[in-house]
Amino acid sequence: MATERIDVRGVARLARLALSDEEVERYGSQLEDLLKHVDDLKQLDTSDVAATAQVIESRNVMRPDTLVPCLDHDVVMAGAPQPQHGFFRVPKIIAEVG
Amino acid sequence: MDPVRASARDIARAVNAREISAVEIAETMIPHVASVDEHLGAYLTLTPDLMREHARRVDARIAAGESLPLAGVPAAIKDNMCLLGTRTTCASKILEHWIAPYTGTAVARLLDAGALPIGKTNMDEFAMGSSGENSALGKTKNPYDLDRVPGGSSAGSASAVGGFAATISTGSDTGGSIREPAAFCNVVGFKPTYGRVSRYGLIAFASSLDQIGPFARSVEDVAMTYDAMGGHDPMDATSVDMPFETTAGHLREDLRGVRVGIVKEFATSDLAPDVAAAYEKAYADLAALGAELVEVELPTAKYGLSTYYLIAPAECSSNLARFDGVRYGLRVDGADVGEMYEKTRAAGFGPEVKRRILIGTYALSSGYYDAYYVKAQKARTRIADDFRRAFAKCDVIASPAASSPAFAFNAKSDPYSMYLMDYYTIPVSLAGLPSLSIPCGSALPEGGSRPMPLGLQLASPLFSERALLGYAHAYERATQHAAKLAPVQVVTS
């Protein structure tokens, strides 16, 4: 496991999180500190071990394809920051050509 | 009957027998909670109108001949659980003004069983923390020393019950978020097996670990609350579809024939002397009730913290991606949609949430996924295997719930020292086991002037809730530790 400098801005970009310079510095050193702690996992032999995603045996759950009541549209939309005509309004996402 | 101090069992019995009405209970609790909570800060939102409405409904149902298991029992709800028409914030700025559009299953079942909603309780933001201090919306105090933390993440739910500002409450536990605050606040806190209680309506933190469970001042009240909210729910695909075993009618009086595992790797010599002495005494008390103490080994438990702090942040980084300024809560405008996402999340999330999103995103990122995330998932398998082997030798494992009593505010400034608080609870969570914390004595904390409560953690095999609560009940009956401490004066007066 690596303990090189972490590209905190790159990670933050993946996480869609704007960070100040001070935060980059602080979270960078805290992240490196945590990675040093988790480095102890290297000592644990897991060569013949399957990964556990979840402890309870789970399988795909199906239900009959029948209509059931769902949440009220207006109530759900009321929790959105900028609802408009029953839709979520967002900034323009398609650039103009030319 | 004093509704403030009575048990859920006694309240429900009296309301069902029409000795007192649910409305009377609500009218006593509403002003009481409002005044106590000025000191505790356990609640983010009080719901007096809703409480009265439910009280009237309970009284009408009882008048019509129904009998309700939690009739008139005042209940607090952790603020990461949806309650229709009520602010549900996760103690985060990003959801500060968000109103839940439906009621989650566990809460709906409690209310249908006759419980009365007092309000929504404070917590570490998005359930990430072990002290309550990560709330962006309020400061919750420990009812046994207002200068100390209540524990977390279910801070307000534990503080409210410990401080007699609720009879029962709901919590959620991902790595210890029910058991550690229960230990700090002198109450019983129970995390059922993963999948036993529906997570529908619980705002997700780490989906493979999150589990809802109850707080109360006695094992019997915890059992009654669990019985009301547990069981299969088609709305949660991870809720287990197997017969639900109720627990409240099956509590034990002794521990004859029970093998209690004491973990070799959890030596009490690592603890402060009076804390260690309290746990040694607790183990001796279990033996005095007829239990056979056996040493068990959990050689991989020491990897629990590292495993957890890769898996939980990875899942959190994925779950919290939904908070992007489009569908729920806060939006901060930006020049384009990407900038809107980034600014919204920067303004809406607090430091611990950002830290975990960054850790998780890193652990899942290309080039590191196998080294961190997959490795942690394999370590999780080894830890669960250790527990399986241990349960071949014992029926239940006893250990401390936390490594110290409640600490002072701002005492843990380094994130890792806070993570260490959950050293004993995390391995149990990774294995998905049912587990609880029960009051087991007290110790004078570092720099403290009052003895503070300690919690004994009991953990048992998957789906053995009935047996586990039975053992805890026998211990509680014989020791009565919770009654030996009283909350601070302003809370009791």
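The values are calculated or read from the model by the stated rules, or taken from the named source; none is laboratory data. Since we're looking at a predicted model, the values are computed, not measured. Neighbour counts run over all protein chains shown; Cβ positions are idealised from the backbone, glycine included. These area figures cover heavy atoms from the full protein model, side chains too; ligands, DNA and RNA do not enter into them. Shrake-Rupley method; radii C 1.70, N 1.55, O 1.52, S 1.80 Å.
Here are some notes:
- Residues in the range A:16-49 that are within 7 Å of chain B (Cβ to nearest Cβ), open to solvent by less than 90 Å² (accessible area, probe 1.4 Å) and either assigned to a helix (DSSP H, G or I) or of a type outside the set (A, V, I, L, M, F, W, C) (or both): A:27, A:30, A:31, A:33, A:34, A:37, A:38, A:40, A:41, A:46.
- Only residues that are loosely packed, with under 10 Cβ neighbours inside 10 Å, facing chain B (nearest Cβ under 10 Å) and under 30 Å from residue B:98 (Cβ atoms) were counted across the range A:53-67, and they come to 1.
- Of all the listed residues (A:39, A:65, A:21), the sole one being more than 30 Å from residue B:192 (Cβ to Cβ) and in contact (Cβ under 8 Å) with a residue 12 or more places away in the chain is A:39.
- Scanning the range B:84-107 for residues that are within 11 Å of chain A (Cβ to nearest Cβ), open to solvent by less than 10 Å² (accessible area, probe 1.4 Å) and part of a loop (DSSP other than H, G, I, E, B) yields B:88, B:100.
- For the range B:43-83, the set of residues classified as under 14 Å from residue B:165 (Cβ atoms) and assigned to a helix (DSSP H, G or I) consists of B:48, B:51, listed by residue number.
- Within the range B:315-350, the residues that satisfy the criterion of being in contact (Cβ under 8 Å) with a residue 60 or more places away in the chain and more than 8 Å from chain A (Cβ to nearest Cβ) are B:315, B:316, B:319, B:320, B:323, B:344, B:347, B:348, B:350.
- All of (1) within 7 Å of another protein chain (Cβ to nearest Cβ); (2) surrounded by fewer than 19 Cβ atoms within 10 Å (Cβ to Cβ) hold for residue B:310 with one exception: (2).
- Residue ID - least open to solvent (accessible area, probe 1.4 Å), chosen from residues in the range B:225-244 that are more than 14 Å from chain A (Cβ to nearest Cβ) and out of contact with any Ser or Thr (no Cβ under 9 Å at 6 or more places or on another chain): B:228
- Candidates B:205, B:184, B:215 - the one that is more than 13 Å from every other protein chain (Cβ to nearest Cβ), open to solvent by less than 10 Å² (accessible area, probe 1.4 Å), farther than 27 Å from residue B:3 by Cβ and among the hydrophobic types (A, V, I, L, M, F, W, C): B:205
- Spans of helices (runs of 4 or more DSSP H) in the range B:378-493 with at least 1 residues within 21 Å of residue B:254 (Cβ to Cβ), open to solvent by less than 10 Å² (accessible area, probe 1.4 Å) and in contact with a Phe, Trp or Tyr (Cβ under 8 Å, 6 or more places away or on another chain): B:465-479
- Qualifying residue in the range B:154-165 (condition: modelled with pLDDT of 95 or more, in a loop (DSSP other than H, G, I, E, B) and either under 15 Å from residue B:89 (Cβ atoms) or within 13 Å of the chain's Cα centre (by Cα) (or both)): yes
- Any hit, the range B:362-377, residues being within 29 Å of residue A:51 (Cβ to Cβ), more than 8 Å from every other protein chain (Cβ to nearest Cβ), in contact with a Phe, Trp or Tyr (Cβ under 9 Å, 6 or more places away or on another chain) and without any contact (Cβ under 8 Å) to a residue 24 or more places away in the chain: no
- Of the candidates B:48, B:143, the single residue that is at pLDDT 95 or above and open to solvent by 10 Å² or more (accessible area, probe 1.4 Å) is B:48.
- Each residue in the range A:1-12 was checked for being more than 8 Å from chain B (Cβ to nearest Cβ) and in a helix (DSSP H, G or I), and 2 of them qualify.
- Of all residues in the range B:266-305, those satisfying the criterion of being within 14 Å of another protein chain (Cβ to nearest Cβ) and not aliphatic (A, V, I, L, M) are B:299, B:300, B:302, B:303, B:304.
- None of B:74, B:31, B:69, B:3 is closer than 24 Å to residue B:226 by Cα, at pLDDT 95 or above and surrounded by fewer than 22 Cβ atoms within 10 Å (Cβ to Cβ) except B:69.
- Residues located in the range A:28-54, provided they are touching a Lys or Arg at 6+ places or on another chain (Cβ under 8 Å) and of a type in the set (A, V, I, L, M): A:31, A:41, A:44, A:49, A:50, A:51
- Residue selected from the range A:81-96 under the condition touching a helix residue (DSSP H, G or I) at 6+ places or on another chain (Cβ under 7 Å) and open to solvent by less than 70 Å² (accessible area, probe 1.4 Å), by the criterion farthest from the other protein chains (Cβ to nearest Cβ): A:86
- Filtered residues of the range B:425-441 (kept if farther than 21 Å from residue B:216 by Cβ and under 15 Å from the mean Cα position of the chain (by Cα)): B:426, B:432
- Qualifying residue in the range B:123-133 (condition: modelled with pLDDT of 95 or more and surrounded by fewer than 24 Cβ atoms within 10 Å (Cβ to Cβ)): yes
- Neighbours by Cβ (under 6 Å, 6+ apart or cross-chain): first from the range B:94-117, within 15 Å of residue B:226 (Cβ to Cβ); second open to solvent by 10 Å² or more (accessible area, probe 1.4 Å) and aromatic (Phe, Trp, Tyr): B:105/B:200
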